[in-house]
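The structure under discussion appears below in the form of structure tokens.
The values are calculated or read from the model by the stated rules, or taken from the named source; none is laboratory data. What you see is a predicted model, and the numbers here were worked out from it, not measured in a lab. No Cβ is skipped: glycine too gets one built from the backbone with ideal geometry, and neighbour counts run over all protein chains shown.
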Amino acid sequence: MPWAQLDDHFHDNPKILDTSLPAIGLYAIGLSYCSAHLSDGFIPRVVVSGMRGSVAAARELVAHHFWEPVQGGFRVHDYLQWNKSREQVLAERAAAAERKRMSRRPSGGTPAGVTEMSGTRPPLPPDGLRPSPEPPKPPLAEAAPDETSSRRGSQECPNCRRTFIGPYSEHHCDIQRPTRRPVLGKLLPREAREPPPPEALAELEMLERTRADRQAEAARQMQA
């Protein structure tokens, strides 16, 4: 959209101060017309004569050398010196439209195997035969965890002969049968092929005493 240029010191120009307000208004309207119609400063006489009081104002603009009388109307003095010509405006519009069109194009060109027309298949090879798809590769077998490998702080269960980490009361093997009484969230074995080691029995006894002491302390607090 073009804009008409108006000097910042238009208001205090000596020629403007010596011109009547109706003539100044007609001069501003003429600038707007030239910019909108890209007339390079030409104003038809019929445009001026259609405004009330424009005849006297037009004569004053000609007398103060704002306008120049030409065939068919008037021409703004030095219009192209301060405003763009019709050719320049049209060229800038065409360049802006081209930039907008280029910005909408996808970058990188057309991918390989994709034709310009949407929905079409890629062309066949010269022999006319399509390559057979490759058979799917079998999934990689996951290696079983090595439970018998020696680890720091590990022990061997006397029942299942597997190594475990942590207290014996928290270890469970496949041959153990759980009881109905849990101890600290874990199930104790009812039957075992071999008795648990002495340190495991001592640990279980200590856990049982701790549990009994906690229950007794809770009962005393409730009675108090």
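Structural remarks
- Residue within segment 18-25 that is part of a helix (DSSP H, G or I), exposed (fewer than 11 other Cβ atoms within 10 Å of the Cβ), out of contact with any helix residue (DSSP H, G or I) (no Cβ under 9 Å at 6 or more places or on another chain) and not acidic (Asp, Glu) present: yes
- Filter pass, Trp67 being at pLDDT 90 or above, closer than 21 Å to Cys34 by Cβ and surrounded by 12 or more Cβ atoms within 10 Å (Cβ to Cβ): yes
- Qualifying position, being in a helix (DSSP H, G or I) and either in the same structural domain as Pro22 (by TED's automatic domain parsing) or of a type in the set (Lys, Arg) (or both), among Arg75, Arg93: Arg93
- Verdict on Ile24 being within 23 Å of Arg86 (Cβ to Cβ) and without any contact (Cβ under 8 Å) to a residue 40 or more places away in the chain: no
- Residue ID - surrounded by the fewest Cβ atoms within 10 Å (Cβ to Cβ), chosen from residues in segment 31-45 that are closer than 15 Å to Asp78 by Cβ and touching a Leu at 6+ places or on another chain (Cβ under 8 Å): Asp40
- Tally of residues being exposed (fewer than 10 other Cβ atoms within 10 Å of the Cβ), of a type in the set (A, V, I, L, M) and modelled with pLDDT under 80 across segment 171-224: 1
- Output for segment 82-98, where each listed residue is free of Cβ contacts under 8 Å to residues at least 24 places away in the same chain and surrounded by 12 or more Cβ atoms within 10 Å (Cβ to Cβ): Gln88, Ala91, Glu92, Arg93
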